[in-house]
Every structure is written in C-alpha cells, then in structure tokens.
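The values are calculated or read from the model by the stated rules, or taken from the named source; none is laboratory data. Here the structure is a predicted model, which means the values were calculated and not measured. For the accessible areas, the whole protein counts, side chains as well, though only heavy atoms, and no ligand, DNA or RNA atoms are used. Shrake-Rupley method; radii C 1.70, N 1.55, O 1.52, S 1.80 Å.
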Amino acid sequence: MEKKCGIRDLKEENRIGYEIRTIHNLIGMHANHHRCRMMSELTPMQAWVIGFLYDRQDMNIYQKDIEEEFNVSRATASNLLQLMEKKGLILRKSVEHDGRLKKIILTEKAIGFHKIAMEDMHMIEELLVEGMSEEEVKQLKRLLVLMHQNVVRKIQEDE
C-alpha cells in the first residue's frame with residue numbers, strides 16, 4: 001500500500017529542518033514585535049551587517065566580504081548595501097589602489113544603532129538557550145556548526 005505524502009508527513013520526516021525554519025520565523029516575529037527598540041529603521045539583517053562592520057572598523061571591508069560572511073548572492077548584498085546607504089547607515093568610498101572597489105564604512109547613525117541592536121540580539125540569544133545547561137549550550141553550538149558545515153559541503157559538491 002502506497003503511503004500518501006502530506007504536509008504533516010513532511011514535517012515529521014524533516015523535523016530538524018522544519019524546527020530550524022519555525023524557530024527562524026519565531027525569532028523574526030519576536031524581533032518585529034520589539035522593532036521599536038531599533039527605531040523602526042533596521043531590519044535584522046541590517047543589524048547583523050552593522051555588527052559585522054562595527055567589529056571590523058580597523059579593516060577594509062568590501063561587498064564581497066558581506067557576501068561571504070552572510071552567504072548571500074551578489075545581487076542580495078548589493079541591494080542590502082544600497083538600502084543601507086540610502087538610510088544613512090553606511091558610506092561606500094573608493095579606495096586608492098583600485099577605483100572599482102568601494103570600502104564600506106559605518107556612519108555615526110549606524111554606530112548608535114549598534115548598541116541597541118546588540119542588546120536585542122543578546123536578549124534573543126538568552127531566550128533561545130533558556131532552561132539549557134552550559135554543557136547543553138556548548139553541545140548545541142557544536143551541532144549547529146556541524147550542520148552548517150554539512151550544508152556548505154553539500155552545496156560545494158553540487159556546484
């Protein structure tokens with residue numbers, strides 16, 4: 001007898017991916033609910049990019065670095081950075097050694113948002129691991145890194 005594959009069956013068979021996607025959606029809902037803390041101007045992705053740039057202010061960071069760090073396409077990174085530039089969060093300046101390259105620099109406005117974004121991210125991180133022991137958190141982080149590596153490896157194999 002052939003088993004029909006319904007949505008419920010897919011959820012059960014692919015529980016890990018389903019749970020990760022559901023948690024991702026719930027984090028987004030939580031962030032949207034508290035978005036007023038980020039003054040309604042930052043998307044979660046923009047906050048992550050600001051954090052990435054903030055931690056590397058002493059380095060020259062280019063669009064390619066954003067693409068690689070966040071595993072996004074060139075078009076996605078370009079759109080993201082254009083919007084951030086329009087919002088006054090970043091500046092893109094040409095570098096002397098190669099006029100085609102544009103270094104990404106945070107504005108004072110973005111640096112101000114960084115503190116708020118860090119508080120919100122810390123709150124979400126605390127919420128995610130609530131009720132877990134230190135050892136369980138370490139194991140979860142290890143397993144998430146392993147899952148990430150597995151997916152990256154498979155993508156590279158399929159290319």
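Which one is right for this structure if Rg and Dmax of the Cα atoms in Å is calculated from it: (i) 20.1, 58; (ii) 15.1, 49; (iii) 19.2, 70?
Recomputing Rg and Dmax of the Cα atoms in Å here gives the entry labelled (iii).
Out of the total accessible area of the chain (probe 1.4 Å, heavy atoms of protein only), what percent is carbon and sulfur?
With neighbouring chains kept in place, the figure for the chain is 55 percent.
For Gln156 and Asn32, compute 0.36 nm times the residue count separating them, minus their Cα-Cα distance, and round to one decimal in nm.
Going from the current span to full extension adds 41.3 nm.
So what's the convex hull volume per residue for the Cα atoms of the stretch 79-159, in Å³?
About 177 Å³ per residue, rounded to a whole number.
Around Lys102, which amide H atoms from residues at least 5 apart in sequence, or from another chain, sit under 5 Å from its own amide H, with H modelled in the peptide plane?
Gln63
Send over a whole-number figure in Å² for the accessible area per residue of the stretch 40-150, probe 1.4 Å.
On the way: 7410 Å² over 111 residues.
Value returned for the stretch 40-150: 67 Å² of accessible area per residue.
Pairing the Cα long axis of helix 44-54 with the longest principal axis of the chain, what angle in degrees results, from 0 to 90 and rounded to the nearest 10?
Rounded to the nearest ten degrees, it is 50.
Need one value: the accessible area of Ser133 in square angstrom, 1.4 angstrom probe, rounded to the nearest 10.
Roll a 1.4 Å probe over it and Ser133 shows about 50 Å².
Largest first, how would Lys103, Lys109, Lys86, Lys141 line up by accessible area (1.4 Å probe)?
Per-residue accessible area, sorted high to low, gives Lys86, Lys141, Lys109, Lys103.
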